[in-house]
Amino acid sequence: MKTKNMLYASLLGATLGLLPMDAMAESALTVKHLANQQNIVAVTEAKKLLLLPVQDNAPEAKVGIISGNTQIGVLANIRLARERVDYFVPFSLEGFEGKDVKIDVQGMPEDAVCWKEIKLSDTFDMANKEKYRPVYHHTPAYGWMNDPNGMFYKDGTYHLYFQHNPYGSVWGNLSWGHSTSTDLVNWTFEGDPVMPDAWGLIFSGSAVVDKDNTAGFGKDAIVAFYTTAKPTPWGDNQMQCMAVSTDGGKAFTKYDGNPVLTSTERDFRDPKVFWYAPDKHWVMMLAVGQEMQIFSSKNLKEWKYESSFGAKQGSHGGVWECPDLVELPIEGTKEKRWVLICNINPGGPFGGSATQYFVGTFDGRKFINEFPTKTKWMDYGKDHYATVTFSNAPDGRCIALGWMSNWQYAAIVPTLQYRSANTIARDLSLYRQDGDLLLKSAPSPEIEKARTDKKTVKAFTVGDSYDIASLLDDNGGAYEIDLTIENQGAQKIVMTLANGKGESLYMYYDTAAKEFVMDRSRSGETGFSRDFPAMTVAPAADTDEINLRLFVDRSSVEAFGDGGKFVMTNLVFPSEPYNKMKFESVRGSFKVKKMDVYKLK
């Protein structure tokens, strides 16, 4: 995860012990404490940023900018430090340099530690320094992240927006953060172009490239759709709004006619918009309680209800969220089918959040599930959610990204500067098996360009451990293992990733049950949540030759079996990288025909 420029450059490092404290810029602030925990911070020096000290478990304070007796710009809820400083977040003062600016802070006691630690600066460090921060997965430069949003491809660049709290590493102040990439591996943070407004927080959504100017904003305008959620004494009101970018997705102007779609339903969110070419109209998929509603439009502004999907279909253990609807080829044929992606929380097969899917037909107005008696899961790990696809992807590809976490423990995983990562990119297709149509999620080929050093095991004895430490050096446990195994009658083929601290990730194929299993109960740090230690199980093909790719990246393992016919994504937090791989057999034997280990960065 790369940063955009060096505007932000060194202060967080001092907080985390990476720079001496005297390297910090001197403050020029005056603090006045009022009654009822109200405080006024007067800025007396022209700086671009106010660095606010945060304590993750503290109550929220309201922070806003007042200039000339007028509330201006951001009004954020921030967990300012009371007893300790966990990290700093940047609060922008750009545009106010040289003006009479005061920061209104409500809900903070006079003796809080934040008053001693608050700083002014022109820079903020966004370097990836925490030990658990992934090397080749997208993460926010700082702050909280959940669902991927508004993903599209244009002019050689992939644009990823995401649910972002720029003022802390727990959920809140939801905005659209923005990152770009030319290779789906290395990402550049571009800021937060869609911020909360009078309609509320900015929840999940999608973006399209309006190639034919159907909305009248200009040819190739980027039109984003998102849910706003405004808290009221009676609950959140969720509405669908629109914003437009004419500079390729860097800056957005919100549509004056917002909201463009409303409802009396409590859960009414996550618009996924796409062009339906046969009838030349736009389609919007919305998650509404435990169903998906489908709307149509000719101009992206006026929307007509068409149909609903969901009754007696799939899993209903929780609220349906983050829909997607894509047409995919069936491998080995000239046929295609539509796949409706449905994220659900809770209700996943191993607790918490997960992604299910349905395969069927779509006529531009109604989706019909061809296999209504079976629940199908896109990923069999605990940490794959809010999965959606890129709009306008090149070469007819369908490329998906998911949020790599679980709502059971997302806010308490052991990181500070940031929370959460995305999965690696996955190319989607369909295949036939035993009269069924199933989804294949293959690692996108771009990931292979991240390979650097390679080690090949030509002869391997079951029961031995293979040392992969020589590949780790400066990248701290970011690698891929590509395996081909020939089963010679083994009931269980066991593979264990381990380190020198006695921590291990235990995996095995149960050939009798036709399952792949991953057990992270001894994988490292697990005590932050009773829901984290877990065993996850995926159906595996009955075959004598097993192909498995393992993507290990500091705090996650993604397993792709048989080219993506099954996928399992799980977080792990080992105290030091896994540097050994051990194979064992139960009741029979097997042969490791190929084991290539690649360092990734």
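The values are calculated or read from the model by the stated rules, or taken from the named source; none is laboratory data. The model shown is predicted, which means the values in this text are computed figures rather than measured ones. Every residue, glycine as well, gets a Cβ built from its backbone with ideal geometry; the counts of neighbours run over all protein chains shown. Quick note on the areas: whole protein, heavy atoms, side chains included, nothing else; ligands and nucleic acids left out. Shrake-Rupley method; radii C 1.70, N 1.55, O 1.52, S 1.80 Å.
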Out of (1) on the phi < 0 side of the Ramachandran plot; (2) outside any loop (DSSP other than H, G, I, E, B); (3) not hydroxyl-bearing (Ser, Thr, Tyr), what's the single condition that is false for Gly150? (1)
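Regarding Asn149, is this residue modelled with pLDDT of 90 or more, closer than 26 Å to Thr415 by Cα, open to solvent by 10 Å² or more (accessible area, probe 1.4 Å) and among the polar types (S, T, N, Q)? Talk me through it step by step, then tell me what you get.
On the way: modelled with pLDDT of 90 or more: yes; closer than 26 Å to Thr415 by Cα: yes; open to solvent by 10 Å² or more (accessible area, probe 1.4 Å): no; among the polar types (S, T, N, Q): yes.
For Asn149, the condition - modelled with pLDDT of 90 or more, closer than 26 Å to Thr415 by Cα, open to solvent by 10 Å² or more (accessible area, probe 1.4 Å) and among the polar types (S, T, N, Q) - is not met.
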Any residue at all in segment 453-473 that is aliphatic (A, V, I, L, M), in a strand (DSSP E or B) and within 23 Å of Ala425 (Cα to Cα)? no
Quick one: which residue in Thr423, Thr415 is open to solvent by less than 10 Å² (accessible area, probe 1.4 Å) and either free of Cβ contacts under 8 Å to residues at least 12 places away in the same chain or under 30 Å from Tyr276 (Cα atoms) (or both)? Thr423
Considering residues of segment 488-536 that are among the small types (Gly, Ala, Ser) and more than 21 Å from Gln408 (Cβ to Cβ) only, the residue surrounded by the most Cβ atoms within 10 Å (Cβ to Cβ): Ala490
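So which strands (runs of 3 or more DSSP E) stay within segment 39-132 end to end and still have 1 or more residues that are open to solvent by 10 Å² or more (accessible area, probe 1.4 Å)?
Ranges flagged: 61-67, 70-78, 87-92, 101-106, 119-121.
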Which of the following residues is out of contact with any Pro (no Cβ under 6 Å at 6 or more places or on another chain) and either polar (S, T, N, Q) or within 23 Å of His137 (Cα to Cα) (or both): Leu439, Leu472? Leu439
Members of segment 339-372 that are of a type in the set (Ser, Thr, Tyr), part of a strand (DSSP E or B) and touching a residue at least 40 places away in the same chain (Cβ under 8 Å): Thr355, Tyr357
Restricted to segment 437-452 and to residues being assigned to a strand (DSSP E or B) and either open to solvent by 20 Å² or more (accessible area, probe 1.4 Å) or without any contact (Cβ under 8 Å) to a residue 60 or more places away in the chain (or both), the residue farthest from Met595 (Cα to Cα) is Leu438
Sort out which residues of segment 286-313 are in a strand (DSSP E or B), of a type in the set (D, E, K, R) and touching a residue at least 60 places away in the same chain (Cβ under 8 Å), and write them in order of number. Glu306
Look at Asn570 and say whether it is buried (at least 24 other Cβ atoms within 10 Å of the Cβ) and not aliphatic (A, V, I, L, M). yes
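Within segment 505-528, is there a residue that is among the β-branched types (Val, Ile, Thr) and more than 19 Å from Glu584 (Cα to Cα)?
Pass one, segment 505-528, residues among the β-branched types (Val, Ile, Thr): 511, 517, 526.
Of the ones still in play, those that are also more than 19 Å from Glu584 (Cα to Cα) are 526.
Yes: segment 505-528 contains one or more residues that are among the β-branched types (Val, Ile, Thr) and more than 19 Å from Glu584 (Cα to Cα).
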Gly216 fails exactly one of (1) within 16 Å of Asn149 (Cβ to Cβ); (2) at pLDDT 95 or above, namely (1)
If you check Gln293 against the conditions, is it farther than 26 Å from Asn570 by Cα and open to solvent by less than 40 Å² (accessible area, probe 1.4 Å)? yes
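What about Asp542, is it at pLDDT below 95 and over 22 Å from the mean Cα position of the chain (by Cα)? Steps first, please.
Details: at pLDDT below 95: yes; over 22 Å from the mean Cα position of the chain (by Cα): yes.
Yes; evaluated as a whole, the condition is true for this residue.
Regarding Val326, is this residue farther than 24 Å from Ser441 by Cα, open to solvent by less than 70 Å² (accessible area, probe 1.4 Å) and of a type in the set (Val, Ile, Thr)? Break it down stepwise before answering.
On the way: farther than 24 Å from Ser441 by Cα: no; open to solvent by less than 70 Å² (accessible area, probe 1.4 Å): yes; of a type in the set (Val, Ile, Thr): yes.
So Val326 fails the test.
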Qualifying positions in segment 547-562 - farther than 20 Å from Asn422 by Cα, open to solvent by 10 Å² or more (accessible area, probe 1.4 Å) and either among the aromatic types (Phe, Trp, Tyr) or in contact (Cβ under 8 Å) with a residue 40 or more places away in the chain (or both): Asn547
Filtering segment 374-411 down to residues that are surrounded by fewer than 23 Cβ atoms within 10 Å (Cβ to Cβ), in contact with a strand residue (DSSP E or B) (Cβ under 8 Å, 6 or more places away or on another chain) and within 30 Å of Asp56 (Cβ to Cβ) yields Trp407, Ala411
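Of the residues that sit in segment 23-38 and are aliphatic (A, V, I, L, M) and surrounded by 15 or more Cβ atoms within 10 Å (Cβ to Cβ), which one is modelled with the highest pLDDT?
Only one residue fits best here, namely Val31.
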